[in-house]
1. With respect to residue 144, determine if the residue is modelled with pLDDT of 95 or more, in a helix (DSSP H, G or I) and over 18 Å from residue 76 (Cα atoms).
2. I'm trying to understand the selection: among the residues of segment 147-161, which are outside any helix (DSSP H, G or I), out of contact with any helix residue (DSSP H, G or I) (no Cβ under 6 Å at 6 or more places or on another chain) and at negative phi?
3. Under 19 Å from residue 176 (Cα atoms), at pLDDT 95 or above and either surrounded by 23 or more Cβ atoms within 10 Å (Cβ to Cβ) or touching a strand residue (DSSP E or B) at 6+ places or on another chain (Cβ under 7 Å) (or both): does that describe residue 60?
4. Every residue in segment 26-45 that is within 15 Å of residue 164 (Cβ to Cβ), modelled with pLDDT under 95 and touching a helix residue (DSSP H, G or I) at 6+ places or on another chain (Cβ under 9 Å), please.
5. For segment 122-130, does any single residue satisfy the condition of being in contact with a helix residue (DSSP H, G or I) (Cβ under 9 Å, 6 or more places away or on another chain) and farther than 23 Å from residue 184 by Cα?
6. Can you name every residue in segment 17-45 that is crowded, with 16+ Cβ neighbours inside 10 Å and free of Cβ contacts under 8 Å to residues at least 60 places away in the same chain?
7. What about residue 7, is it in a helix (DSSP H, G or I), over 15 Å from residue 103 (Cβ atoms) and over 13 Å from the mean Cα position of the chain (by Cα)?
8. Report yes if residue 164 is touching a residue at least 24 places away in the same chain (Cβ under 8 Å) and at positive phi, otherwise no.
């Protein structure tokens with residue numbers, strides 16, 4: 001649930017740009033770029049790049065810890081454990097994105113982004129088919145994974161489907177984070193209900 005910070009910090013960091021940051025034109029990684037200048041044909045200047053990179057690392061840590069803890073206490077079989085393992089590995093990739101901004105070690109940054117783009121979104125489909133949760137969440141996880149992987153193919157082949165490079169990247173990157181927040185809220189709510197005293201019990 002702490003992953004909500006990722007979206008809030010993106011918004012805050014983007015608002016500091018001059019000229020304005022474009023969700024459609026600029027990529028998420030541009031927010032963590034440590035220099036001002038032209039990068040891949042885009043003018044990039046992110047004054048709060050350090051904050052964004054800290055957010056990447058924090059997101060990766062919470063992805064790892066959340067996946068491990070949920071798998072330990074709630075996973076119901078090998079398939080769901082494999083799904084959460086893939087999500088935890090994706091967290092390592094996200095941390096790499098923060099430790100290696102796009103204008104530093106490009107190869108490691110690209111690898112870090114590719115891991116959650118592939119494994120993280122594939123894990124959504126695995127969890128949709130294996131993890132015990134309400135049908136509406138199953139459907140949401142499955143469709144999110146399918147749409148994200150389809151968008152990844154489009155993004156990798158430079159077909160932005162009218163959304164721009166930054167827009168299509170977000171269709172690839174956001175679903176897994178949103179799904180983790182959703183499952184965190186669901187499990188927290190379920191635990192709260194299970195721990196609530198039954199009002200019909202009487203002390204004799």
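The values are calculated or read from the model by the stated rules, or taken from the named source; none is laboratory data. In this text, all values refer to a predicted model and were calculated from it rather than measured experimentally. Virtual Cβ from ideal backbone geometry, glycine too; neighbours counted across all protein chains shown.
1. On the way: modelled with pLDDT of 95 or more: yes; in a helix (DSSP H, G or I): yes; over 18 Å from residue 76 (Cα atoms): yes.
Against the criterion (modelled with pLDDT of 95 or more, in a helix (DSSP H, G or I) and over 18 Å from residue 76 (Cα atoms)), residue 144 qualifies.
2. To start, the set of residues in segment 147-161 that are outside any helix (DSSP H, G or I) comprises 157-161.
Still in the list and also out of contact with any helix residue (DSSP H, G or I) (no Cβ under 6 Å at 6 or more places or on another chain): 157-159.
Selection gives 157, 159.
3. Values: under 19 Å from residue 176 (Cα atoms): yes; at pLDDT 95 or above: yes; either surrounded by 23 or more Cβ atoms within 10 Å (Cβ to Cβ) or touching a strand residue (DSSP E or B) at 6+ places or on another chain (Cβ under 7 Å) (or both): yes.
So residue 60 passes the test.
4. 40, 42
5. So the first thing to find is which residues in segment 122-130 are in contact with a helix residue (DSSP H, G or I) (Cβ under 9 Å, 6 or more places away or on another chain), and the list is 122-130.
Narrowing the set further to residues that are farther than 23 Å from residue 184 by Cα leaves none.
So far as segment 122-130 goes, no, none of its residues is in contact with a helix residue (DSSP H, G or I) (Cβ under 9 Å, 6 or more places away or on another chain) and farther than 23 Å from residue 184 by Cα.
6. 17, 21, 31, 44, 45
7. no
8. Values: touching a residue at least 24 places away in the same chain (Cβ under 8 Å): yes; at positive phi: yes.
Yes, satisfied.
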